[in-house]
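Undergrad: Below are the structure tokens for one structure; questions will follow.
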Amino acid sequence: GEMDVLEGLGGQACYHFHSPAGGPGGCATGSFTGWHTYGANWKPGSVTYYYDGNVVGTITTGITSAPMYLILNDAVSSSIGGPSRAATMKVAYVRVWTKA
């Protein structure tokens, strides 16, 4: 599986949860250049995505409890509307919480 908390597609800020059941998701409206906060609350059966503290979407299909890697990726691809040359990603911090 793959959970995209933020995926820049064609200049948009998008979220997805990819699993064998598919890859549902969506893109937020507005401008997301500059510094922002992105988050996801992954619970059994749902993932709710937050941009700057506001809910931008919730996915309830195909949600698994399988472990996943945490990856920050500045991929380059012109086939999906992304940049066709390298860019810079600046990250101030990454936080992960789990219930014990």
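The values are calculated or read from the model by the stated rules, or taken from the named source; none is laboratory data. None of these values were measured; they are calculated from a predicted model. Cβ coordinates were reconstructed from backbone atoms using ideal geometry, including for glycine residues, and neighbour counts include every protein chain displayed. The protein model used for the area step is the full one, side chains on, heavy atoms only, and it has no ligands, DNA or RNA in it. Shrake-Rupley method; radii C 1.70, N 1.55, O 1.52, S 1.80 Å.
Undergrad: Under a point spin-label approximation (7 Å from Cα along Cα-to-Cβ), what is the residue 2-residue 69 distance to one decimal in nm?
TA: 1.1
Undergrad: Just order 26-37, 87-98 by mean Cβ neighbour count inside 10 Å, highest at the front, would you?
TA: Working: 26-37: 12.4, 87-98: 6.3.
Per-residue Cβ counts within 10 Å, averaged per peptide and sorted highest first, yield 26-37, 87-98.
Undergrad: Could I ask something else about it? After finding the eigenvalues of the alpha carbon gyration tensor for the chain, what semi-axes result from the square roots of 5 times each, listed largest first in whole Å? Working shown, then result.
TA: Numbers: eigenvalues 98, 52, 38 Å².
Semi-axes (√(5λ), whole Å): 22, 16, 14.
Undergrad: What residue among 23, 45, 96 has its Cα farthest toward the positive end of the dipole of the chain, where the charges are +1 on Lys, Arg and -1 on Asp, Glu, each on the Cβ?
TA: The residue sitting farthest along the positive end of the dipole is 96.
Undergrad: Right, something else. Suppose every K and R has +1 on its Cβ and every D and E has -1 on its Cβ; what is the size of the dipole of the chain about the Cα centre, in Debye to the nearest 20?
TA: Working: 5 positive and 5 negative charges, 41 e Å.
Result for the chain is approximately 200 debye, rounded to the nearest 20.
Undergrad: Would you mind getting the accessible area per residue of the chain, heavy atoms of the protein chains only, 1.4 Å probe, in Å²?
TA: 73
Undergrad: Let me ask something else. Carbon-plus-sulfur fraction of the accessible area of the chain, 1.4 Å probe, in percent? Don't jump to the answer; show the numbers that get you there.
TA: On the way: 3860 of 7320 Å².
In the chain, the share of accessible area belonging to carbon and sulfur is 53 percent.
Undergrad: Sticking with this one: Using a cut-off of under 17 Å, list every residue of the range 6-33 whose amide N is near the label point 7 Å from the Cα of residue 46 along the Cα-to-beta-carbon line.
TA: 16-17, 24-26
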